[in-house]
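Here the structure is laid out as structure tokens; the discussion comes afterwards.
Values quoted throughout were computed directly from the atomic coordinates according to the rules given, and no laboratory measurement underlies them. What you see is a predicted model; the values in this text were computed from it and never measured. FYI the Cβ positions are ideal-geometry reconstructions off the backbone, even for glycines, and counts take in every protein chain you see.
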Amino acid sequence: MLVHYEVQRGIATITLDSPSNRNALSRQLRQELRDGLTTAIEDDAVRVIVLTHTGSVFCSGMDLKEAAGASAEDQGVNEFPAILEQLWTSPKPVVAALKGPARAGGVGIVAACDIAVAANEATFAFSEVRIGVVPAVISVTVLPRLLPRAAHELFLTGEAFDAPRAVQIGLLNSAVPADRVDDEVRRYTDMLALGAPNALAATKRMLQDPRSHELSKVFADMLELSAQHFGGPEGQEGIAAFREKRKPSWVPKN
């Protein structure tokens with residue numbers, strides 16, 4: 001097994017465990033990662049997904065040993081969009097936890113997660129151009145996160161950058177000392193677990209939908225979404241819990 005899966009208190013932790021090749025996206029790791037994400041997404045008991053790793057590297061990108069000599073049709077990158085789409089569209093919030101570097105496709109995974117926390121020492125790079133390839137697939141998840149100037153600079157140069165800069169340009173939410181990564185991830189997962197499952201899923205979809213320039217239509221769509229949830233079972237339970245000074249039914253019991 002190159003990917004481990006466990007659930008505790010509504011938190012599904014998916015751990016990349018292929019340190020011998022820097023958690024590269026080999027055929028086996030890709031399949032096991034997809035399986036783990038599918039299991040977490042389909043499990044009603046799971047409220048939040050955490051994606052983390054063993055070893056010193058979070059993910060080094062595609063497995064170049066498998067890529068060598070393969071035709072365009074047989075490249076493993078052909079399977080990669082499905083993984084990024086699973087992360088991006090997951091109705092459960094996904095938190096990435098990094099204590100080491102990410103490169104190329106690994107950065108695409110980080111960007112596809114809703115929240116990303118890394119150790120200050122972690123580094124990142126879009127190294128594709130330096131080996132003659134294009135960061136095309138990962139651009140789908142990375143570009144919505146990055147400041148445009150930073151995207152041009154870092155995609156074109158392939159230069160490595162550290163976690164504090166990754167926060168500045170929008171790739172990460174938080175950069176902390178390595179011994180505080182787990183605590184910072186827990187801070188986020190504790191907050192996410194307070195959200196109602198359907199409301200979280202609807203909010204994710206809302207955040208991902210491009211807004212048109214027709215403000216009247218945008219407001220109409222958002223009003224409909226808001227009213228549905230105010231009047232829906234979660235909204236009514238949340239309002240009742242607030243008035244009764246208790247926790248809503250969806251908050252996990254300790």
Under Karplus coefficients 6.51, -1.76 and 1.60, residue-wise ³J(HN,Hα) of the stretch 25-41 in Hz, glycine/proline x:
7, 6, 4, 5, 5, 4, 5, 5, 5, 4, 4, x, 5, 4, 4, 5, 5
When we measure straight from the Cα of K253, which aspartates and glutamates land under 14 angstrom away, once same-chain ones fewer than 8 places off are left out?
D190
Within the chain, helix-based [θ] at 222 nm, where runs of 4 or more DSSP H residues each add -39,500 (n - 2.57), nearest 500:
-13500 deg cm²/dmol
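Contour minus end-to-end for H4 and F242, with contour as 0.36 nm per residue of separation and end-to-end as the Cα-Cα distance?
Value of the extension gain: 81.9 nm.
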Just to confirm the filter: which trypsin sites (Lys or Arg not before Pro) across the stretch 179-254 are DSSP coil and have at most 13 other Cβ within 10 angstrom of their Cβ?
R211, K245, R246, K253
Using Cβ counts within 10 Å as a stand-in for footprinting exposure, how do T123, T89 rank, fewest first?
T89, T123
Magnitude of the Cβ-charge dipole of the chain, K/R +1 and D/E -1, about the Cα centre, nearest 20 debye?
620
If you take every DSSP beta bridge whose two residues both sit in the chain, what share of them, in percent to the nearest 5, is antiparallel?
30
How would the stretch 170-254 be classified by its alpha-carbon gyration tensor: rounded, prolate or oblate, with rounded meaning a/c under 1.5 and the a/b versus b/c comparison settling the rest?
oblate
